[in-house]
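Asker: Below is the structure I would like to discuss, written out as structure tokens.
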Amino acid sequence: MTTPLVLTFVGEDRPGLVNAISEAVAAHGGTWLESRSARLAGKFAGVVLVRIADESVIPLESALAKLAPSGLRVSIERGAAAEPERPQRTVKLDVVGRERPGIVRDVTEALTRLGVNIEEFASGLEGEPFTGALMFRASARLTVPEKLKLDDLRKALEKLAAEIMVDLNVGEGEPGAGA
């Protein structure tokens, strides 16, 4: 049997961080399934999904713990057994607006109230081309409950956009689509 593991890591940004983790995974017969990582404030952080034989989980945990003295901290969570895939409606959400505190909180609060699940979320700041003002940008892949009409989702986000002066674009995605 195999076990899915979710590894999160953070360390001072330098060459070799991903390699150190991938070497430990490969040395213990694990398979690197998917990952996301980024440089943030001089740190390099990420999340990785691996699959490994049950008998290799503890030796891999030990090997990854030995990376801490080099400044690379790895946290390990055992994943749940894979559930059978069921059709889901996915929606892509884009948010653009002038930066201000609370944008992420306000958008995610509205989504939570509607029972919408965030599958992926990415955000950042950039300068507006003509004025140089900081603009907040985010994109998300969401799964929407079958009972929620997309028009109702659109209306809730449009109301929110008017309140916080953020443009929200909602477009229906492919059922069960991945990133």
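Asker: Could you tell me the distance between the Cα centroids of region 113-161 and region 19-36, to the nearest Å?
Answerer: 33 Å
Asker: What order, most packed first, do the peptides 117-126, 148-157 have when packing is the mean number of other Cβ atoms within 10 Å of each residue? Before the final figure, lay out the partial values.
Answerer: Numbers: 117-126: 12.7, 148-157: 14.6.
Ranked from most to least packed, the peptides come out as 148-157, 117-126.
Asker: Sticking to Cα atoms, compute the Rg of region 89-172 to one decimal and its Dmax as the biggest Cα-Cα distance, whole number, in Å.
Answerer: Over region 89-172's Cα set, Rg and Dmax evaluate to 12.8, 43 Å.
Asker: Around GLU34, what is the net charge, scoring Lys/Arg as +1 and Asp/Glu as -1 over all other residues with Cβ under 13 Å from its Cβ?
Answerer: Taking every Cβ under 13 Å from that of GLU34, the sum is 0.
Asker: Can I ask one more? Specify the angular offset, from 0 to 90 degrees and rounded to the nearest 10, of the alpha carbon long axis of helix 103-113 from the longest principal axis of the alpha carbons in the chain.
Answerer: It is inclined by approximately 90 degrees.
Asker: Next up: Projecting each Cα onto the charge dipole of region 48-144 (Lys/Arg +1, Asp/Glu -1 at the beta carbon, about the Cα centre), which of PRO101, VAL57, LEU72 comes out farthest on the positive side?
Answerer: PRO101
Asker: For region 2-46, what is the Kirkwood estimate of the hydrodynamic radius, computed as the reciprocal of the mean inverse distance between distinct Cα atoms, to one decimal in Å?
Answerer: 11.4 Å
Asker: Same structure again: Quick one: helix 17-27 against the long Cα principal axis of the chain, what's the angle to the nearest 10°, folded into 0 to 90?
Answerer: 50 degrees
Asker: Hey, what D do you get for the chain in µm²/s if you plug the Kirkwood alpha-carbon radius into Stokes-Einstein at 10 °C and 1.306 mPa s? Don't skip to the answer; put the middle values down first.
Answerer: On the way: Rh = 18.8 Å.
The diffusion coefficient I find is 84 µm²/s.
Asker: With only Lys, Arg, Asp and Glu charged, each at its Cβ (+1 for the first two, -1 for the last two), find how big the charge dipole of the chain is about the Cα centre; round to the nearest 20 debye.
Answerer: On the way: 22 positive and 26 negative charges, 51 e Å.
Computed about the Cα centre, the dipole is about 240 debye.
Asker: What is the ratio of the Cα radius of gyration of region 2-78 to 2.2 N^0.38 Å, with N the residue count, to two decimals?
Answerer: 1.01
Asker: Between ARG89 and residues 5 or more places away or on another chain, which pairs have amide H atoms under 5 Å apart, with H built 1.01 Å from N, and which residues are they?
Answerer: Excluding prolines and chain starts, which carry no amide H, the hits are VAL144.
Asker: Calculate for the chain the 222 nm mean residue ellipticity that helices alone would give, adding -39,500 (n - 2.57) per DSSP H run of length 4 or more and normalising by residue count, nearest 500 deg cm²/dmol.
Answerer: -8000 deg cm²/dmol
Values quoted throughout were computed directly from the atomic coordinates according to the rules given, and no laboratory measurement underlies them. The shown structure was predicted, so the numbers you read here are calculated from the model rather than taken from an experiment. Note that each Cβ is placed from the backbone with ideal geometry, even for glycine, and that neighbours are counted across all protein chains shown.
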